[in-house]
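Just below is one structure, and these are the notes that go with it.
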Amino acid sequence: QTIDENDLTVDSFTLMSKAEVKIKRKIEKVGTPLKNWDVQINYGIKTGFNEAFIIDGATKDRLIAEDPKSAEIIKPILRGREIKRYSYDFKDRWLIATYPSLHLNIKDYPAVENYLKSFGKRLKQTGEKGCRKKTHNKWFETQDTIAYYDEFEKEKVVWKRIGSILRFSYDNKIMLAL
């Protein structure tokens, strides 16, 4: 397959067939570039240690039974592998949403505190061997600040970022994304 040199510009280029180039041009002629939309694009949640912060439904139920206040910080989450073409497959996974930007007092959530303590040194954010990367966050907080956490609780488009096939889905059920 040959590429027409005129399809390669200083601003951008893609290696596509003539048919794909024709479709791309047609879309660009009538569409609005994403950079001109009034949208905010955010990263998913980075915990630094998913094994502790992402729990199954049984663990969620147990933590809430021990302390009903735990429900305030346990949220449904989608992982990239659960995002399908135009839909998603929720696998009963939940995030312990202790974002640093919330300024939580973990003592207010004793069941969650005890659960997270069971992971010991691994949750520390000191950068030492066997710990999470160095941050100024508290041991029980997620790795990144996630100051835009309220955006996760709005309808949105989620996508699988890793892999050769991009998959997008509309979420109006207020899932979080990892």
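The values are calculated or read from the model by the stated rules, or taken from the named source; none is laboratory data. Every value quoted in this text rests on a predicted model; they were computed, and no experiment measured them. Positions of Cβ are backbone-derived with ideal geometry, glycine not excepted, and every protein chain shown enters the neighbour counts. The area values use the complete protein model at the heavy-atom level, side chains included, leaving out ligands, DNA and RNA. Shrake-Rupley method; radii C 1.70, N 1.55, O 1.52, S 1.80 Å.
Mind telling me which of the residues Leu104, Leu63 ends up being assigned to a helix (DSSP H, G or I) and hydrophobic (A, V, I, L, M, F, W, C)? Break it down into steps so the answer makes sense when it comes.
Numbers: Leu104 fails: assigned to a helix (DSSP H, G or I).
Only one candidate qualifies: Leu63.
Does Pro110 satisfy being surrounded by 15 or more Cβ atoms within 10 Å (Cβ to Cβ), of a type outside the set (Val, Ile, Thr) and at pLDDT 95 or above? Please lay out each step first, then the result.
Working: surrounded by 15 or more Cβ atoms within 10 Å (Cβ to Cβ): no; of a type outside the set (Val, Ile, Thr): yes; at pLDDT 95 or above: yes.
Taking the combined requirement at face value, the residue does not satisfy it.
Could you run through segment 152-178 and say how many residues are part of a helix (DSSP H, G or I) and loosely packed, with under 12 Cβ neighbours inside 10 Å? First the steps, then the outcome.
Step one: of segment 152-178, the residues part of a helix (DSSP H, G or I) are 152-153.
Now narrow it down to the ones that are loosely packed, with under 12 Cβ neighbours inside 10 Å: 153.
So the count comes out to 1.
Of the residues Lys107, Lys129, which single one is over 21 Å from Thr59 (Cα atoms) and out of contact with any Gly (no Cβ under 9 Å at 6 or more places or on another chain)?
The unique qualifying residue is Lys129.
So which residues in segment 91-107 are open to solvent by less than 60 Å² (accessible area, probe 1.4 Å) and within 18 Å of the chain's Cα centre (by Cα)? Please lay out each step first, then the result.
Applying the first criterion (open to solvent by less than 60 Å² (accessible area, probe 1.4 Å)) to segment 91-107 yields 94-102, 104, 106.
Residues satisfying the conditions are Trp94, Leu95, Ile96, Ala97, Thr98, Tyr99, Pro100, Ser101, Leu102.
Restricting segment 34-48 to residues that are touching a residue at least 12 places away in the same chain (Cβ under 8 Å) and polar (S, T, N, Q), which is most open to solvent (accessible area, probe 1.4 Å)?
Across segment 34-48, the extreme among qualifying residues is Gln40.
Applying the selection to segment 126-151, what residues are surrounded by 15 or more Cβ atoms within 10 Å (Cβ to Cβ) and either of a type in the set (Ser, Thr, Tyr) or modelled with pLDDT of 95 or more (or both)?
Cys131, Arg132, Thr135, Asn137, Lys138, Trp139, Phe140, Glu141, Thr142, Thr145, Tyr149
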